[in-house]
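Chemist: Below is one structure. I have some questions about it.
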Amino acid sequence: MQTIKFYSPLTVRCEPNSTLGENYGGEYIDMHEYVDIPSSEAVYYKDEILAAIEKMNLPDEGDRGLMVYFHGDQAVAQKVYSAHPTVEEYEGELWGVMEVKLRGRLTEAETEALTDFITGQYSDGYGESLEQHPIKTDDGEIYVSFWDSEGFSIQTEQELKNLPVPVVEKPKEFSVALKAADYNYAPSVGYLDLPATQPEILDAMDRARVRDGQKYTVEIRDVHREYILPLMPENPSLYELNYLAERLSELNDFEAVCFEGVVQMEKEAPDPARLINLTYNLDDCQIAEAKNDAELGRFYAENDFVEFLDDVSDKVFALIDFGKLGHSMREAENGVFLKNCYVVQPVAEQNLLFPYDGNPPKPEAEPEYIFRLYAIDPNGAAASGMWLELPLDEDALAQAERRLGVSSMDSDCVFTQCVSEIPQLNAAFSGYEDIGELNDLAHRLSEIKANGELPKYKAALELTMCEDLSDCVRLADNLNAYDYYPEAVTAADYGEQEFFAIHGLRPDDEGMEHFNYAAFGKEHMQASGVVSTPYGMIRGNGLEQTLVYEPEQDNSCQQMGM
């Protein structure tokens, strides 16, 4: 299991009329108020605070700690095994910490649900109980609280310590093709590898021409684990399949072998929901180096797993039919042989995550950001960095610069990772960039997305092949200089649209079924400069374009100013 930590400012107080209180100015404070002890001084009471936290643990909480009180999202309840409060010293100050053990990666929404739960425990549950119990120290009694209504915050270890976020390339479990249902022309296809982020899914939807609320089909084209393919239903739920892919991609080598084994143990072919549940039930699996019943029987006999063989002589032991022994053991415990080993899972209560009250998983909310960039100070300690979600206002940008300890994001930082539903722009962020220009582009693209024109912008990027950031900004300001045909996938689609528009005819007019729309479309596309892109067909229409940013050198986009 993975361990993550959430940090919050720790409030440590003492009574004003105590000796300790007088040391921190208690004589100047109302007798009904407590005196705050600076977190830099609270470090000296770390051991006493940890002992008090240990005493707060209740027998009913067991290994799960405060998670026994969680009654929210079942996905969070299954992924988060335990949550235990503690304190840690960091850079000379004492911090409150919630140490969490996970069975899988949390989505942004699930992380928010967990931090809301932690905050509630700090303010009303666990934290309220802790702060009412005085903690004895050699200097007097202190009161500790993980909550402060005025200065509370909660952040991950990476956020607090500006640690770089490692890039983890997860294996792709499924390759799928998305197609819009009831499409007027030849269906466009959005190809997607799973697991995928929500921005990647949204981009695939754009390529498949799937509009809000429109039905679509999912076709599995390839799988990483071949034994799973026969189990997949026709047209599976995309988000259920993506969840399964996420779970499978997180299995280590041991768990992957166990998973293949428990899948074979199923009496009925498991559906995706059942497969997801199985990934949460691998803790008790055991693996033996045996490829057949004879090897299995010998393994059990030689490792004292068979009680009636404990006292037999070597002569009797040599006469045992290990094949029969192995067969009987395998049948009794419902174990299975894989290619190079034997897998068995003791009968145990199953953790059930799916389905969500009978409903399939829902898509995550669309991200509010246009770009999610990881900014680092290459000259800082351990290449410290943080995520930025653009567009940002000036205050948020200034706060980010303070957290990174840099005077200017432009001159001191490098952007090393980008998450966006506009994959064409990933290449535009080449290390050192103008954060003001990036933010300006993000603001423009937010408006374009709100107007439903983001697919058109992506098609225009394909047409112009912009690689310079200034050109990308200029393109966003000049989308009206392009004609966009989102419904057209093939030359025949475009030809049919244009033919009826030019000649004022309808598809059901006499003789239209014999017309070669493909030939007409191809000829008309060449004459008009129409280009086919994964997002639809597009061309420059010759309107004069405005210049917002002038690049330092002539890297203007192709076809600009047509």
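Chemist: What full-extension length gain, to one decimal in nm, is calculated for Ser123 and His443 as 0.36 nm per residue of separation minus the Cα-Cα distance?
Modeler: That pair, Ser123 and His443, stretches by 111.5 nm at full extension.
Chemist: What per residue convex hull volume, in Å³, comes out for the stretch 174-279 when only alpha-carbon positions are used? It would help to have the intermediate numbers written out before the result.
Modeler: Working: hull volume 10.3 nm³, N = 106.
Considering the Cα atoms of the stretch 174-279, their hull volume per residue is 97 Å³.
Chemist: Another one. Past the 27 Å Cα-Cα mark, which pairs from Lys101/Lys449; Lys101/Lys161; Lys215/Lys267?
Modeler: Values: Lys101/Lys449 38 Å; Lys101/Lys161 20 Å; Lys215/Lys267 33 Å.
Beyond 27 Å: Lys101/Lys449; Lys215/Lys267.
Chemist: For Arg330, Arg298, what's the fewest-to-most ordering of other Cβ within 10 Å of each Cβ?
Modeler: Exposure proxy ranking, most exposed first: Arg298, Arg330.
Chemist: Suppose each label sits 7 Å from its Cα in the direction of the beta carbon; what would the Asp395-Asp212 distance come out to in nanometres?
Modeler: Each label point is offset 7 Å from its Cα along the Cβ direction, giving 2.9 nm.
Chemist: At a Förster radius of 22 Å, what calculated FRET efficiency corresponds to the Cβ-Cβ distance of Thr546 and Asp483, to the nearest 0.05? Working shown, then result.
Modeler: Values: r = 18 Å, r/R0 = 0.81.
It comes to 0.75.
Chemist: Moving to a separate point now. How many nm is it between the label spots at Phe317 and Glu302, if each spot is 7 Å from the Cα in line with the beta carbon?
Modeler: Going from the Phe317 label point to the Glu302 one covers 1.1 nm.
Chemist: List Phe174, Phe305, Phe6 from most exposed to least, where exposure is judged by having the fewest other Cβ atoms within 10 Å. Don't skip to the end; give the middle numbers.
Modeler: Working: Phe174 26, Phe305 11, Phe6 22.
Result, fewest neighbours first: Phe305, Phe6, Phe174.
Chemist: Pull up the cross-link candidates among the aspartates and glutamates for Lys339, meaning alpha carbon to alpha carbon under 17 Å and not fewer than 8 places away within one chain.
Modeler: Glu226, Asp253, Glu255, Glu260, Glu289, Asp293, Glu295
Chemist: Taking a virtual spin label 7 Å from the Cα of Lys291 along the C-beta vector, which residues in the stretch 312-338 bring their backbone nitrogen under 16 Å of it?
Modeler: So the set is 337-338.
Chemist: Next question. I want to check the label-to-label distance for Glu41 and Lys55. Put each point 7 Å from Cα in the C-beta direction and report it in nm to one decimal.
Modeler: That separation, rounded to one decimal, is 2.3 nm.
Chemist: How much length is gained on full extension from Phe152 to Ala181, taking 0.36 nm per residue of separation minus their Cα-Cα distance?
Modeler: Using 0.36 nm per residue and subtracting the Cα-Cα distance, I get 5.6 nm.
Chemist: May I ask you to sort Glu389, Glu302 by Cβ crowding, counting other Cβ atoms within 10 Å and putting the fewest first? It would help to have the intermediate numbers written out before the result.
Modeler: Details: Glu389 16, Glu302 12.
So the residues, fewest neighbours to most, are Glu302, Glu389.
Chemist: Additional query: Working out 0.36 nm times the residue gap between Glu226 and Glu331, then minus their Cα-Cα distance, what length gain in nm do you get to one decimal?
Modeler: Extending this stretch completely gives an extra 35.2 nm.
All of the numbers you see were taken from the coordinates with simple rules; none came from a lab. All values derive from a computational prediction rather than experimental measurement. Positions of Cβ are backbone-derived with ideal geometry, glycine not excepted, and every protein chain shown enters the neighbour counts.
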